[in-house]
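Visitor: Right, I'll just put the structure down here and ask away after.
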Amino acid sequence: MTSEPPTALDRALDRYLRHVSIERGLSTNTVAAYRRDLAAYLESLRGRGVTTPEGIAEADVSAFAQHLRTRPDSPLTASSMARMLSSVRGFHRFLLEERLAPEDVASDVKPPKLASRLPKAITIEQMAAVLDAAGGDDLQSLRDKALLELLYATGARISEAVDLNVDDVLGVEEGSADVVRLFGKGGKQRIVPLGSYARAAIDAYLVRARPILSVRGPSTPALFLGLRGQRVSRQNAWLIIRARAEQAKLGIEISPHTFRHSFATHLLAGGADVRVVQELLGHSSVATTQIYTLVTADTLRDMYTTAHPRAR
């Protein structure tokens, strides 16, 4: 049984996915999500007899949006629906820019409003307890301490941290790690300073632990190594964080992103300018960073309510 030849819509989708993958440098996971979302959209269009980009009408886009809102078999959350409609809108912008369609028929389709979700941070005292839990002179503790201190000192995403090579820690040649070079989304580079605690932990790891770990496995430039000498994976880093949080007896679950959220929240609470925090986090828009100002405002409100005699 032979499959049907690709339609003009199928070819346009392939072009769009190559565009977001190669020209925009989006991650494999993000491109895969676009592929899934737009495959469902194209199926909806085929069901309405549409096979070409120029044949799509605003009514076709609205019908797909209505289907997402009302489908009884597997209802979508507001965030999933917003993501799928965002994929559709991006696809149509591309069709217009590439002159594959005469107009953007998805421009007026509005995604559902999402409830504002504040990022979760832990207190400075809780963070100190997690970092202290990695204290020790064995190889694993030295490695864990360096990784956790770096995450909290820089606000790095966990993928950015585990992708680091030794050469990305600048100042090592002079005997002290001063700053780290992080590679964010789309390969965008930023330089982030290391505080004294992170510098000391990384220096100790590089001198006393990494040389021993490196001879246990294949030669690799990776900064953080597992006990068998291989680069630490994202999954292993998550397990390290969970284990140290359990050791600290926090009583709550924390994730790699907890370190990033806490980094931003604690900086803003300490008086850092939001645009400086934006640069350190590698956010392309300050609006993304400003959500952390809501966290600090809530903290101030709670303190005021507790402390002021006429606040309650």
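Visitor: With r as the distance between the Cβ atoms of V286 and E54 and R0 = 45 Å, compute the FRET efficiency 1/(1 + (r/R0)^6) and round to 0.05.
Guide: Working: r = 38 Å, r/R0 = 0.84.
Here the calculated transfer efficiency is 0.75.
Visitor: Right, another one. Over the chain, give the accessible area per residue in Å² for a 1.4 Å probe, as an integer. It would help to have the intermediate numbers written out before the result.
Guide: Details: 17530 Å² over 312 residues.
It amounts to 56 Å² per residue over the chain.
Visitor: Restricted to Cα positions, what overall size does the chain have along the principal axes? Three whole-Å values, descending.
Guide: 67, 65, 35
Visitor: Just order 144-156, 80-92, 257-269, 122-134 by mean Cβ neighbour count inside 10 Å, highest at the front, would you?
Guide: Details: 144-156: 25.7, 80-92: 19.2, 257-269: 21.5, 122-134: 17.2.
The densest-packed peptide leads the list: 144-156, 257-269, 80-92, 122-134.
Visitor: Follow-up. Once fully extended, how much extra length lies between A200 and D14, figured as 0.36 nm per residue of separation less the alpha-carbon to alpha-carbon distance? List each step's numbers first, then the result.
Guide: Numbers: separation 186, 0.36 × 186 = 66.96 nm, distance 4.88 nm.
Contour length minus Cα-Cα distance gives 62.1 nm.
Visitor: 222 nm [θ] for the chain, helices only, -39500 (n - 2.57) per DSSP H run of 4+, per residue, to 500?
Guide: Details: 13 runs with 171 residues, N = 312.
Dividing the helical sum by the residues of the chain leaves -17500 deg cm²/dmol.
Visitor: Something else now. Nearest 10 degrees, 0 to 90: what angle lies between the long axis of helix 8-18 and the longest principal axis of the chain (Cα atoms)?
Guide: The answer is roughly 20 degrees.
Visitor: Between R231, R216, R181, which gets the highest mean-square fluctuation from a Gaussian network model of the chain, Cα cutoff 10 Å?
Guide: Ranking R231, R216, R181 by mean-square fluctuation puts R216 first.
Visitor: Quote the charge dipole size of the stretch 58-104 about the Cα centre in Debye, to the nearest 20; the model charges only the Cβ of Lys and Arg (+1) and of Asp and Glu (-1). Could you put the intermediate results ahead of the total?
Guide: Values: 6 positive and 7 negative charges, 51 e Å.
Roughly 240 debye for the stretch 58-104.
Visitor: For the chain, give the magnitude of the charge dipole about the Cα centre (Cβ charges: +1 Lys/Arg, -1 Asp/Glu; no others), in debye to the nearest 20.
Guide: On the way: 40 positive and 35 negative charges, 113 e Å.
In total the dipole reaches around 540 debye.
Visitor: While we're looking at this one, here's another question. Taking 30 Å as R0, compute the FRET efficiency from the Cβ-Cβ separation of V207 and Q230 and round it to 0.05. Each step should come with its number before you reach the end.
Guide: Details: r = 21 Å, r/R0 = 0.68.
Efficiency, from the Cβ-Cβ distance: 0.90.
Visitor: What angle do you read, to the nearest 10 degrees and between 0 and 90, between the alpha-carbon axis of helix 124-133 and the longest principal axis of the chain?
Guide: Taking the Cα atoms of the chain, the angle to 124-133 is about 70 degrees.
Visitor: With each label point set 7 Å from Cα along the Cα-Cβ vector, what nm distance links T77 and L170?
Guide: With each label point 7 Å from Cα toward Cβ, the separation is 3.9 nm.
Visitor: Taking Cα atoms, how many degrees apart are the long axis of helix 286-307 and the longest axis of the chain, rounded to 10 and kept between 0 and 90?
Guide: The angle comes out at about 60 degrees.
Visitor: If r is the Cβ-Cβ distance from R275 to N29 and R0 is 25 Å, what FRET efficiency results, to the nearest 0.05?
Guide: Working: r = 29 Å, r/R0 = 1.15.
With a Förster radius of 25 Å, E is 0.30.
Visitor: Calculate, in nm to one decimal, what Q140 and S255 gain on full extension: separation in residues at 0.36 nm each, minus their alpha carbon distance. Show your work: numbers first, answer last.
Guide: On the way: separation 115, 0.36 × 115 = 41.40 nm, distance 1.91 nm.
Extending this stretch completely gives an extra 39.5 nm.
Visitor: Could you give the nm distance between label points at A128 and R242, where each point is 7 Å from its Cα heading toward the beta carbon?
Guide: 2.8 nm
Visitor: In Å, what is the Rg of the alpha-carbon atoms in the stretch 115-248, and how long is Dmax?
Guide: 14.5, 50
Visitor: Mind checking which of N29, N165, N236 has the largest fluctuation in a GNM of the chain, springs on alpha carbons under 10 Å?
Guide: Comparing N29, N165, N236 in a Gaussian network model of the chain, the most mobile one is N29.
The values are calculated or read from the model by the stated rules, or taken from the named source; none is laboratory data. From a predicted model like this one, the values you see are computed outputs, not experimental measurements. Don't worry about glycine lacking a Cβ; one is built from the backbone with ideal geometry, like all the others, and counts go over all protein chains shown. The accessibility values were calculated without ligands, DNA or RNA, using every heavy atom of the protein model including side chains. Shrake-Rupley method; radii C 1.70, N 1.55, O 1.52, S 1.80 Å.
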